[in-house]
Structures are given as structure tokens and as C-alpha cells.
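Scroll down for the structure; my scribbles are underneath it.
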Amino acid sequence: MSGLRIVIGSDEAGVDYKETLRKDLEADARVAEVIDIGVHRAAEDFARRYPYVGLTAGQMISEGKADRALLFCGTGIGVAIAANKVPGIRATAAHDSFSVERSILSNNCQVLTMGQRVVGLELARRLAREWIGYTFDPASASAAKVQVLSDYEGC
Ligand SMILES: O=C[C@H](O)[C@H](O)COP(=O)(O)O
């Protein structure tokens with residue numbers, strides 16, 4: 001898909017990867033807009049923890065301000081849990097190529113998360129490049145399964 005609006009964010013444990021991946025996304029012609037929700041390196045911003053980052057990203061997608069989010073924390077787990085609290089949001093941590101692919105093609109996840117303490121930087125960059133290239137097919141056999149979740153949430 002071209003023209004993606006992507007939120008990028010992290011807690012303090014993922015800020016190094018967030019900074020590198022933000023630059024990658026900004027240089028990618030398939031990305032229309034990169035929205036950096038922090039954290040930034042200022043001490044006061046480091047007080048924001050993974051729940052706020054995940055919730056903010058999920059809310060932005062829910063409100064139509066972005067299409068996807070790429071989030072980092074120590075493991076990728078905390079930001080995924082937080083984003084999943086927002087109704088209608090499907091978020092997952094993934095650190096391998098197949099799971100990243102299926103997060104879109106099977107699950108239509110809007111949010112991909114990774115852990116800076118889990119995955120190497122170059123693999124994270126490669127996975128993000130791959131992730132941008134996938135588009136969910138609403139006519140696929142997977143669509144009815146995703147719809148069950150949407151129906152449950154009513155959105
Ligand atoms: O999922 C949580 C993240 O990995 C976070 O960056 C670290 O959380 P902790 O400091 O509570 O271990």
C-alpha cells in the first residue's frame with residue numbers, strides 16, 4: 001500500500017530503535033506521513049511509560065489520524081498490550097518475517113511492535129520494510145475471522 005500514515009513511538013527502553021526507524025520510514029516512498037509520538041530524549045518525556053505510548057498510538061488510529069503504528073519498548077509486549085486496549089485496534093509484537101507478514105494478511109493488525117532488548121537493529125529495520133509492503137485483502141478467507149473480533153467490539 002502506498003501513502004501510509006504511520007505513528008512511531010516508544011518508551012525509554014525502545015527509543016534508540018524508534019529514532020532509527022523513524023528515519024527509515026521518513027525516507028520510504030511508500031510512507032506518506034510519519035507521526036512521532038515520542039518518547040523523546042528529554043528527561044520529562046522519559047517519564048511517559050509504555051502504557052501511554054501504546055494507548056496514544058491506538059487512539060490515533062481509532063480516530064482516523066493514522067493508518068498504522070510501529071512501536072518499541074523493551075520487549076514489544078507492553079506497547080502491544082496497551083494499544084490492544086483501544087477498541088478496534090489489533091496490535092502484536094513480532095520479531096520474525098513470517099509473523100510480520102501474517103499480522104497483516106491474517107489479522108489485519110494496524111499496530112506492529114518490537115522489543116529493542118529482543119531483536120537486532122538490522123533485523124528490525126528489515127521487518128519494518130517488509131511490513132510496509134503488505135496490505136490486508138478484505139476478500140480473503142481471513143477477513144471473516146477478523147470480522148468476528150470487530151463484531152465483538154462493535155467497531
Ligand atoms: O513491556 C514492557 C517493556 O518491555 C518495557 O520497556 C519495560 O518494562 P519494565 O521496566 O516494567 O520491565
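The values are calculated or read from the model by the stated rules, or taken from the named source; none is laboratory data. Model, not experiment: these values are computed from the prediction. When we count neighbours, we look across all protein chains shown, and the Cβ atoms used for this are built from the backbone with ideal geometry, even at glycine.
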Mind checking which strands (runs of 3 or more DSSP E) fall wholly inside region 53-138 and carry at least 1 residues that are within 16 Å of the ligand (Cβ to nearest atom) and touching a residue at least 40 places away in the same chain (Cβ under 8 Å)?
68-73, 111-115
Quick one: is Thr20 at pLDDT 95 or above, outside any loop (DSSP other than H, G, I, E, B) and more than 18 Å from Val100 (Cβ to Cβ)?
no
Please go through region 89-108 and pick out each residue that is on the phi > 0 side of the Ramachandran plot and among the charged types (D, E, K, R).
none
Odd one out for Thr20, checked against (1) hydroxyl-bearing (Ser, Thr, Tyr); (2) more than 16 Å from the ligand (Cβ to nearest atom); (3) within 26 Å of Ser140 (Cα to Cα):
(3)
Between Arg22, Arg49, Arg102, which is crowded, with 18+ Cβ neighbours inside 10 Å and of a type in the set (D, E, K, R)?
Arg22
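Quick one: is Val39 at pLDDT below 95, within 13 Å of the ligand (Cβ to nearest atom) and surrounded by 21 or more Cβ atoms within 10 Å (Cβ to Cβ)?
Details: at pLDDT below 95: yes; within 13 Å of the ligand (Cβ to nearest atom): yes; surrounded by 21 or more Cβ atoms within 10 Å (Cβ to Cβ): yes.
For Val39, the condition - at pLDDT below 95, within 13 Å of the ligand (Cβ to nearest atom) and surrounded by 21 or more Cβ atoms within 10 Å (Cβ to Cβ) - is met.
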